[in-house]
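Asks: There's a structure below that I have some questions on.
Read-outs: derived from the displayed coordinates by stated rules, not from any lab. Since the structure is predicted, the reported quantities are computational estimates derived from the model, not experimental observations. As a convention, Cβ positions derive from the backbone with ideal geometry for all residues, glycine included, and neighbour counts pool all protein chains shown.
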Amino acid sequence: MRLGSGTFAACCVVVEVLGVVLFLRGFFPAPVRSSSSSKHQAEPPAPEPSAGASSNWTKLPPPLFSKVVIVLIDALRDDFVFGSKGVKFMPYTTYLVEKGASHSFVAEAKPPTVTMPRIKALMTGSVPGFIDVVMNLNSPALLEDNVITQAKAAGKRIISYGDETWVKLFPKHFVEYDGTTSFFVSDYTEVDENVTRHLDKVLKRGDWDVLILHYLGLDHIGHVSGPSSPLIGRKLSEMDGVLMKIHTALLSEERETLLPSLLVLCGDHGMSETGGHGASSTEEVSTPLLLVSSAFERKPGDIRHPKHVQQTDLAATLAIGLGLPIPKNSVGHLLFPAIEGKPMREQLRFLHLNTVQLTKLLQENVPSYEKEPGFEQFKISERLHGNWIRLYLEENNSEVLFNLGTKVRRQYLDALKTLSLSLSRQVAQYDVYSMVVGTVVVLEVLTLLLLSIPQALSSKAELEVPLLSPVFSLLFYLTFLVLSAVHVIVCTSTESSCYLCSLSWLTAGGVMVLVSALLCAVVSALTKVLVRGKLLSKNAAHSNSRWSELDLLILLGTLGHVLSLGASSFIEEEHQTWYFLVSTLCLALCHDIYRNYLPGDDCEPQRCLHVEGGFDGATPALQDKNTSSAVLELNRGCKSPSSLGTLRGYEKWMVLASPWVILTCCRLLRSLNQTGVQWAHRPDLGHWLTSSDHKAALSVLAALSLAVIFALIQRRCSPASKVAMALGLLGVYCYRAAIGNVLFPWQQDNKDISKGILEARFVYVFVLGILFTGTKDLLKSQVVAAGFTVKTVGLWELYSGFVLLAALLLRPHNLPVLVLSLLIQTLMAKFVWKPLRHDVAKVTVMHYWFGQAFFYFQGNSNNIATVDISAGFVGLDTYVEIPAIFLTAFATYAGPVLWASHLVSFLSSEASSSALSHAGFCYALIGSFPVSAYIILVTSLRYHLFIWSVFSPKLLYEGMHLLITAAVCVFFTAMDQTNTKS
Amino acid sequence: MKDTDIKRLLYTHSLCIFSIILSIFIPSFFLENFSILETHLTWLCICSVFVTAVNLVLYLVVKPNASSKRSSLSFKVTRFVKCCVYFLMSCFTFHVIFVLYGAPLIELVLETFLFAVTLSTFTTVPCLCLLGPNIKAWLRVFSRNGVTSVWENSLQITTISSFVGAWLGAFPIPLDWERPWQVWPISCTLGATFGYVAGLFISPLWIYWNRKQLTYKNN
């Protein structure tokens, strides 16, 4: 089957989107959570089970501890406390562990072993997925049900000192706090003294219920000099002193109160042998967990070894200890030793509460929960528990009662363990199988695209896509069989949950068919290329047409950008990469222009001759890309002197000046919005404009921008859409005035600020009108064959519709971005691309680069927090999901979308018939290259320290960008279809 | 002819490299607390002066384009003044380009300007020495197949490598290593210097290697 290269590219990108979605699904496993998690209203606690007899204990049990002190030492590894280092440097803690009233555990942390997710795990008992970060876009605050929120709701007074992550996660939860930043890694004394200095005062005061201390010094020492540094010992001694101080203070206070208090010593994650953390080695995931309280009885000579538990178990234990409901999403189970000393009835009550909570979570997350062994165990133990209660209420304390109680307890503990295990299996792991399949699909598509470059960019812009042959080839069936076998093996043997396996057999089979068909297509394309390569090497003198500087820059720039994605700083500061590349592109264009246009000497004709020579040598290989570019270069080389002659004086000067004008525009835009991380705090024009003091300036700027937009856009519109455009832009200003961003000259006081729904809808009407007129023109040009101009006008109208929509949605201080984008497009089209006759591939790549740069000029970054969600509410009364998502996506990706639609209208007005499909192919290729490389990079960096904070948001951005690219490619194809038909 | 030229090229280039090395070590005898990173601006000035001086001396001694043009005093003076003007213009042009590339406009003006001066010394000064204040000749040298001698060829290589060095020098700035040399414009000046030295080093070798293929129009 023969396909146009644009259509082929669009199909490829659509398949690639599927692959990326599969990868994302594997990379971000859906978290286990309770469906009612968003509401924090207290549900009544589960009543005690009772078989027939009426139990009156339906309220939550009272707290076990009056005060809880949590000492969290960052990067505290288990052997720092329980090993030889602990014995040597932490004598008091060792005494507590070995002889004191304490319970010690080794708590296993789940990767990523980084502070923020670990704190979440400790306090919610769930395993935080990345999706959480996406769900609460702008606020880093923890919205999930957690111990701290519950404690606050119960009226407990909480104090936090130490790492400011706590303050960020739980804003307004603490009656007193002092956050220390983890920014200066080389500081490891000050950062801890800032915590300890509060201790004396607070311990004496005693007007609090929960005290959280988070010490960062140990982690910093680890990062700087590793776990075997002598500094570690000194720091551990310091921490030992702190513990002793707290413990003695608690003990002395306990005499006055009835209830005992609890001291928790824990680490958030461990420390690898090199001192870092983030990955999943044993050293990094093993942390000590020590519970100290006078409530824990201990016989002398009772030596216990620390048991292995999960880090998530602490949340349930703390909740029970403070008399709070267990966090809904907690997958941990109660640390039983902590309640061992209580009477049997209370013990069973606590265990029952925990089991009920876990079962509820299981019911909401596992469809076939009834078959789970944990659920059956829960049913059995609940029944037994009921029997026990009846017995207990009937007759008091006896041997039978005690024996039965022990049995029930054992049954509960088993149920808890099973439930907790099956729940935590649901999350926490990268679903590597789905990730691999997704990656394979993406890579196959990319290879296919790369292999078809020579054919797709040939002058015919068509390529032979072997669709039937793979279906009948042996290779296809073999691959399919092998893949199915692998699928069955993986799905039956895997322990963790896997998205592909949970799909129906038909869908999974479809994926397998897709993978094997793509493989066959790649193989056949490869053989074709090889055969052609042989042919070419036979007639040896083939294209040695050299790369121009621009080609080289484009190639190196693309490669360099892709490679830079491996470094977290380059992702954070990706805007710098694009600005740098665009500036260099302008300089390269400048060089190109000056060489062609300044009064040169005799080298010009010689060049022409030279290229012609190369062209003659390569005629047999007409389809080769190099040759086709040589043809275009030939055109340019020979025509430019003549076109130079025809240019008038003014135009010539404009040509010479335009790169500099564009560079200046880019520099202005760059200072409009500071983004990224390192320099984001620097003052920029955007902040200056949006501050309320400069409303007048912003108004003038917005009005001016809208006027310039109209001036630039109207010249090629039809009269009707001209009027619509003018009214629409006026409406944009009215909308901004209505919501109070800008002022009317006659309206001095900003009185009633509304949501501007009427004004926004007014603009929407015109946007739709312009888009409709454009589409109508396009269809007319196709049906009536009215010709070229109607089509060009139609495309331009579509483009201006997009501009109007962007003008409405972008924040008012970003209107200059739109203006300068239009200005640069006009300049480039008129004075650079047209006179220099760049080939389609180059023009496409330049559009792509500028689109990317404008994405960041708008103030976007690779951080999810910079997405402007307010765009989703323009003209809407309430949150309506689909339009809101569409509008937000459009506003975020306005830069790339506008540049792509400009590319369409530019090429259709400009060049030959195959231009659009060439452009579509190039756009698809250059858009899918970074995403494929990034997927591999992210997979290999999945245990990186910054995987959640830097790489994952970028992955989401890349996925979204690919989706936009796919939409653009489909648009290209549609335009191309109308083109060929007409 | 060619071989002797290449030999002379090698000698002059090694002198240039030597001057840069000297600019690193000599000032520490006279100035206290001198180091490239901490007193970077001083080093930039000294390095520019050294390189300019060596280039001028070499130009006067070697005279690579010994053409028999009229050499009246007034012509020489106007030529010199023109050269100075060109040099200043190139400094300002580079400064503007740096700002357009994103260098701060108001802060660090002196640093940016000194970087522009340094880059001009590496690129414009040799051009002025060799080609004179003649824009057409410059354009010829820097367009494809335009070089007419070994000297111009090496000029092309060193200039381009200085530019590329300065360009690559901007790469480490966004990285979060917190090193003192990541501050603007230190990494770029260092990059330009490395590029220049690499160009000086490579160009004789490259020309020697390709001496069979290289044909110049006038010989």
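Asks: Please give me, ordered by residue number, the GluC sites (Glu not before Pro) of region A:191-299 that lie in loop per DSSP and have at most 11 other Cβ atoms within 10 Å.
Replies: Of the GluC sites (Glu not before Pro), the ones in loops of region A:191-299 whose Cβ has at most 11 other Cβ atoms within 10 Å are A:Glu256, A:Glu273, A:Glu297.
Asks: Continuing with this model, one more query. Share of Cα-Cα pairs in region B:1-136 beyond 21 Å, in percent?
Replies: 52
Asks: Okay, next question. Of A:Ile864, A:Phe886, A:Pro835, which is farthest on the positive side of the dipole of region A:791-887, counting Cα position, with +1 on Lys and Arg Cβ, -1 on Asp and Glu Cβ, and the Cα centre as origin?
Replies: Positive-most Cα among the choices belongs to A:Pro835.
Asks: Okay, next question. Please report how far the C-alpha centroid of region A:398-444 lies from that of region A:754-806, rounded to the nearest whole angstrom.
Replies: Answer, in whole Å: 56.
Asks: Mean projection of the alpha-carbon convex hull of region A:143-185 over all orientations, in nm²?
Replies: Directional mean of the projected Cα hull area for region A:143-185 stands at 3.2 nm².
Asks: Using the beta-carbon distance between A:Thr58 and B:Glu178 and R0 = 60 Å, what value does 1/(1 + (r/R0)^6) give for FRET efficiency, to the nearest 0.05?
Replies: 0.55
Asks: Going Cα to Cα from A:Lys722, which lysines come in below 24 Å? Please leave out same-chain ones fewer than 8 positions away.
Replies: A:Lys776, A:Lys780, A:Lys791, A:Lys830
Asks: Take the alpha carbon gyration tensor of region A:731-851, find the square roots of its eigenvalues, order them as a ≥ b ≥ c, and report rounded if a/c is under 1.5; if not, report prolate when a/b exceeds b/c, else oblate.
Replies: oblate
Asks: Taking the Cα centre of chain A as origin, work out the dipole magnitude from +1 charges on Lys and Arg Cβ and -1 charges on Asp and Glu Cβ, in debye rounded to 20.
Replies: 1540
Asks: Can you say what percent of the DSSP beta bridges in the protein assembly as shown, counting only those with both residues inside, are antiparallel? Round to 5.
Replies: So the antiparallel bridges amount to about 35 percent of the total.
Asks: Just want the answer: with Cβ charges of +1 for Lys and Arg and -1 for Asp and Glu, which residue in A:Met239, A:Ser800, B:Pro133 is farthest toward the dipole's positive end in the protein assembly as shown?
Replies: So the residue we want is B:Pro133.
Asks: In square nanometres, what is one fourth of the surface area of the convex hull spanned by the alpha carbons of region A:238-328?
Replies: Average projection, Cα convex hull of region A:238-328: 8.4 nm².
Asks: I would also like to ask the following. Give me D for region A:320-427 in µm² s⁻¹, whole number, from Stokes-Einstein with Rh from the Kirkwood sum over alpha-carbon pairs, 25 °C and 0.890 mPa s.
Replies: Answer from the Stokes-Einstein relation: 172 µm²/s.
Asks: Hey, got the dipole for region B:1-125? About the Cα centre, +1 on K and R Cβ, -1 on D and E Cβ, debye to the nearest 20?
Replies: So the magnitude is around 980 debye.
Asks: Is there a pair in A:Lys307/A:Lys379; A:Lys59/A:Lys342; A:Lys168/A:Lys954; A:Lys120/A:Lys152 whose C-alpha atoms are over 25 Å apart, and which pairs would that be?
Replies: Beyond 25 Å between Cα atoms: A:Lys307/A:Lys379.
Asks: Calculate the translational D of region A:164-312 in whole µm² s⁻¹ from Stokes-Einstein, where the hydrodynamic radius comes from the Kirkwood formula applied to all Cα pairs, the temperature is 10 °C and the viscosity 1.306 mPa s.
Replies: After rounding, the answer is 92 µm²/s.
Asks: Ranking A:His352, B:His95 by Cβ neighbours within 10 Å, fewest first, what do you get?
Replies: B:His95, A:His352
Asks: May I pose another question? Of B:Ile173, B:Ile20, B:Ile157, which is the most mobile in a GNM of chain B whose springs link Cα atoms less than 10 angstrom apart?
Replies: B:Ile173
Asks: Okay, moving on. Taking the alpha-carbon distance from A:Lys371 and a cut-off under 20 Å, which aspartates and glutamates remain once sequence neighbours fewer than 8 residues away in the same chain are dropped?
Replies: Output for A:Lys371: A:Glu382, A:Asp414, A:Glu495.
Asks: Please name which of A:Leu250, A:Thr189, A:Pro230 has its Cα lying farthest along the dipole of region A:186-250 towards the positive end, using unit charges on Cβ (Lys, Arg +1; Asp, Glu -1) and the Cα centre as origin.
Replies: Highest projection toward the positive end goes to A:Leu250.
Asks: Further, regarding this structure: Mind checking which lysines have their C-alpha under 28 Å from B:Lys63, skipping anything on the same chain fewer than 8 residues away?
Replies: Cross-link targets: B:Lys2, B:Lys7, B:Lys76, B:Lys82, B:Lys136, B:Lys212, B:Lys217.
Asks: With N denoting the number of residues in the protein assembly as shown, provide Rg(C-alpha) divided by 2.2 N^0.38 Å, to two decimal places.
Replies: Here the Cα radius of gyration is 1.11 times the empirical estimate.
Asks: Treating only the Cβ atoms of Lys and Arg (+1) and Asp and Glu (-1) as charged, compute the dipole magnitude of region B:74-154 about its Cα centre; round to the nearest 20 debye.
Replies: Taking the Cα centre of region B:74-154 as origin, the dipole is about 500 debye.
Asks: Write down the radius of gyration of region B:112-219 and its Dmax, each obtained from C-alpha positions, in Å.
Replies: 15.8, 53
Asks: Per the Cauchy relation, a quarter of the hull surface: what is the mean projected area of the convex hull of the alpha carbons in region A:852-953, in nm²?
Replies: Taking a quarter of the hull surface, the average projection is 8.8 nm².
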